[in-house]
1. Using alpha-carbon positions, what is the distance between the centroids of region A:1-77 and region B:128-184, in Å?
2. Region A:15-80: which trypsin sites (Lys or Arg not before Pro) are DSSP loop and have at most 13 other beta-carbon atoms within 10 angstrom?
3. Would you work out which of A:31, A:200, A:84 lies farthest towards the positive end of the dipole of chain A? Charges go on Cβ: Lys and Arg +1, Asp and Glu -1.
4. Considering chain B as a Gaussian network with a 10 Å cut-off on Cα pairs, which listed residue, B:17, B:84, B:98, attains the greatest mean-square fluctuation?
5. Calculate the dipole size of region B:50-187 relative to its Cα centre from +1 charges on Lys and Arg beta carbons and -1 charges on Asp and Glu beta carbons; express the result in debye to the nearest 20.
6. Where does helix A:212-221 land angle-wise versus the long Cα axis of chain A, in degrees 0 to 90, nearest 10?
7. Using the Cα centre of chain B as the reference point, and only Cβ charges (+1 on K/R, -1 on D/E), how large is the resulting charge dipole? Debye, rounded to the nearest 20.
8. 222 nm [θ] for chain A, helices only, -39500 (n - 2.57) per DSSP H run of 4+, per residue, to 500?
Amino acid sequence: MIGTLDPARRLMLGAIGLVGFLGLWALVAASGLVGKAFLPGPLDVAARLVALLHTSFAGGTLLVHLGSSLQRFTAGYALAALVGVPLGLLMGRFRLLDDIVSPIFDALRFIAPIAWVPFAALWFGTGFGGPVLIIFSGAFPPCLLNAYRGARQVDARYIEAAEMLGTPSHRLILEVLLPASVPSIVAGLRIGAGLGWQSLVGAELIVASTGVGYMMVQAQSGVSTATVMVGMVAIGLVGVLIDVALRTVEARIHRRLGRA
Amino acid sequence: MPLRRRSVIGLTTLALLAALWFLATSVTGMISPGRFPTPGDTWTAAVQASVRGYGDATLLIHVLQSLKLVALGFAVSILVGVPLGLLMGTSLTAEALLNPVFMLLRPIPPLAWIPLAILWFGLGDTAKIMVIFFAAFVPSVINTHAGVRQIDRPLIEAARMLGTPRWRFIGEVVVPGAAPMIFTGLRLSLQASWTTLVAAELVGALAGLGHLLNLAQQDLYPGMILVGMIAVAIFGALTTALLGAVERRTVTWVRTAGEPA
């Protein structure tokens, strides 16, 4: 268990694993043990994906659905970042605010984001606002927590020096706390993006009339398993792309700060 | 001192919020009861759900149904996830073979399995257990795997040198060494179990807390929505606390200064 495998062997075993997985899936699908309608093979799913790029299903092509999902995601995520990060920094600076917000935050944290769906639908409807609230509730906690922790971890000497020089609070936050907690904030933004994207899918499954989640629910009631699987693949891919994009930003910031 | 100050301010805040809730809904009517329930409405809904029942069952039945599914789904996923993580941690071949498959499936969010689960197993318990499994199994594998990888090398080498047989090696070196990380994984798994169960029940179910929430939404019954949300939060917190207690009784040899939750 200690040591490492030689890279070529590792690569080969990995390939065997992947081919084995896809092969087993294709084999079970082709064997007719499970009805084809319920378990399409990997190639059927790939073909369905290509087809969905230009044919419309449940009111739009795959790209149209992805587009409306991404729109909601951007809105909810931006809101979470714009509220969460400043609030976290302020809580890191002002004890009283921390003491007031923390108990509310702790009490709300036990409610799963998805449990907000009924109120979200009631307050903001099922089109745009409702799902946006759900993404917000998924992405907000890590945005706030990481900004808060980042601000609390700033070397006290910097803060004391700034205070001694009579730096006003807003400049202290913008010019001392914010730069010093950037790595923690960016990490929080990345975690928040992942959770927000997941919550969005959940919200679209329950209340929405466009989006990839909606497409999957429609496919489920129309027993189009291949379309459901295309939805899963698309959601996974976009999730990975969002994560890669934010990781790139994170790495660039770390390099700029010389902490690579 | 700081702790006392914190809890005084915290309790004051929560009390003020409760008072504000009462003021905004019951007294001034600033927030219409159709959007957010008054404390009275919520109490009425709680009594109605507990005594007469709502959605063909009492609150107790809904809670028990959800608890049962969370327990079953959680149990299945850790029974598969922890051994798989141990295997991937102790065998390089298994790791090289399984890791890519894992990487392929991991980006799919747990909730995205819901439509497939309903297609395959309908609206009954099996579909819910499948969804919880996919959600909860991933964190237990990853953390167990990482926990094994984190064990002090000298411990492993000593056991190796003494010729410890494989099963004793796993039982007496690997599992105790990885235990704190395994529990971290279990905690994440438990959270994921609740989230996915509620989502799956919201999408379609015949009983359970998500089903209650769904009906309350369709009936435009804000009091009942709030009761459902509070029930989800309370039982989520209770099961997490239970897992914490199990961890403290099992992993007695590690004292971490970290946060308990």
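1. With region A:1-77 and region B:128-184 each reduced to a Cα centre, they are spaced 30 Å.
2. Listed in order of number, the matching sites are A:36.
3. My answer, from the dipole projection, is A:31.
4. B:17
5. Roughly 60 debye for region B:50-187.
6. Helix A:212-221 and the main axis of chain A meet at about 30 degrees.
7. 680
8. When only DSSP H runs of four or more count, the value is -25500 deg cm²/dmol.
Since every read-out is calculated from the coordinates, none of them should be taken as a lab result. On a predicted model such as this, the values are computed, not experimentally measured, just so you know. Cβ coordinates were reconstructed from backbone atoms using ideal geometry, including for glycine residues, and neighbour counts include every protein chain displayed.
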